[in-house]
Amino acid sequence: MPERVLVTGATGFIGRHIPALLQARGYETHITARSDLPQTAGITAHRVDLLRGDDAQRLIRDIRPDIIIHTAWYVAHGRFWTAPENTDWLEASTALAAYAAEAGARRFVGLGTCAEYATEAGDDAYPWPETRPIAPATPYGEAKAALARRLAEMAEGRARFGFAWARLFHLFGPGENPARLVPSIMLALREGREAPCASGRPVRDFISTQNAAAAITALATSDVTAAVNIASGAPISIAAMARLIADIAGRPDLLRLGALPDRPNEPPYMVAHTGRLRREVGFTAPVSLAAELRDLQMR
């Protein structure tokens, strides 16, 4: 009998890609969201507000999932870094994990962020391993780090309950807010407008949401526990990323690097060490930025 997996936030930026991957692996797949969900053959949808404790408890009791992949969170562009909703989601997510453990779930997978890591550690040109100090500088990073600590404590106290923490780096993909880096440049160039950017000197680690979802699915269906970086492991400057987008669009003449001021206190280097993801989970993100950006440009 196939194991039962519950995916929360299944209409979200990453969550939307995971159910089909689980279904393809033969899992009984259930999904939740607060809005209406698409009806897909073989996937059971539940319209639930996880911020309502009674609803969340009833959902877990009714489904009794073996594995939960918790992607739901507050992610309103420009607000989520400091939003008070981070505290709401910290408490709701903690309760959801507790309900799952009580109902006999064997595994809970949460989504973390590279914003949990210390950004000043004196190593500006080396990939960041999962052992890097945790010192978030924003309420969003603090809430995520706090949830990871709570899940670890919960797992220590329950013999059968394990947890994994998918620590995400820099994402791009379908459905992205148009104000973010990749879609803002694509949209401007598509419309024949100039695309103003900052200097683009910081180096980042970009991974598509499709690849991130595949990595999270591989992690969830493995026995690997604790934090695992979800990233490509391939450094690229923001300027180089912007130039790649402009070249694919055939409008490098409209890209304006340095037209906008750099953000204050921007970390110069944020790139993941992906050894755990590759060796233990067995997943390697294809480094195919050009192909993925070209596909996204055509949507």
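Please pick out the residue among Gly192, Gly200 that is of a type outside the set (Val, Ile, Thr) and touching a strand residue (DSSP E or B) at 6+ places or on another chain (Cβ under 7 Å).
Within the list Gly192, Gly200, the selection yields Gly200.
Please specify each residue of the range 181-193 satisfying the condition of being loosely packed, with under 14 Cβ neighbours inside 10 Å and touching a residue at least 12 places away in the same chain (Cβ under 8 Å).
Residues satisfying the conditions are Arg190, Gly192, Arg193.
Does Pro252 count as of a type outside the set (Gly, Ala, Ser) and either open to solvent by 30 Å² or more (accessible area, probe 1.4 Å) or under 19 Å from Ile18 (Cα atoms) (or both)?
yes
Listed residues Ala259, Ala240; which is surrounded by fewer than 15 Cβ atoms within 10 Å (Cβ to Cβ), of a type in the set (A, V, I, L, M, F, W, C), in contact (Cβ under 8 Å) with a residue 40 or more places away in the chain and assigned to a helix (DSSP H, G or I)?
So the residue among Ala259, Ala240 that is surrounded by fewer than 15 Cβ atoms within 10 Å (Cβ to Cβ), of a type in the set (A, V, I, L, M, F, W, C), in contact (Cβ under 8 Å) with a residue 40 or more places away in the chain and assigned to a helix (DSSP H, G or I) is Ala240.
Looking only at the range 124-145, how many residues end up being crowded, with 19+ Cβ neighbours inside 10 Å and part of a helix (DSSP H, G or I)?
Residues in the range 124-145 being crowded, with 19+ Cβ neighbours inside 10 Å and part of a helix (DSSP H, G or I): 5 in total.
In the range 1-105, which strands (runs of 3 or more DSSP E) lie fully inside it and hold 1 or more residues that are within 24 Å of Ala218 (Cα to Cα) and modelled with pLDDT under 95?
Counting at least 1 such residues, we get 28-33, 43-47.
Kindly establish whether Arg167 is open to solvent by 10 Å² or more (accessible area, probe 1.4 Å), closer than 18 Å to Thr225 by Cα and in a strand (DSSP E or B).
Yes, satisfied.
Within the range 244-267, can one find any residue that is under 20 Å from the mean Cα position of the chain (by Cα) and closer than 30 Å to Phe163 by Cβ?
Yes; the residues of the range 244-267 include at least one that is under 20 Å from the mean Cα position of the chain (by Cα) and closer than 30 Å to Phe163 by Cβ.
How many residues are touching a residue at least 12 places away in the same chain (Cβ under 8 Å) and part of a helix (DSSP H, G or I) if we restrict to the range 279-299?
Qualifying residue count for the region: 9.
The values are calculated or read from the model by the stated rules, or taken from the named source; none is laboratory data. Because the structure is predicted, anything quoted here is derived from the model rather than measured. As a convention, Cβ positions derive from the backbone with ideal geometry for all residues, glycine included, and neighbour counts pool all protein chains shown. When the accessible area is computed, the model is the full protein with side chains, heavy atoms only, and any ligands, DNA or RNA have been set aside. Shrake-Rupley method; radii C 1.70, N 1.55, O 1.52, S 1.80 Å.
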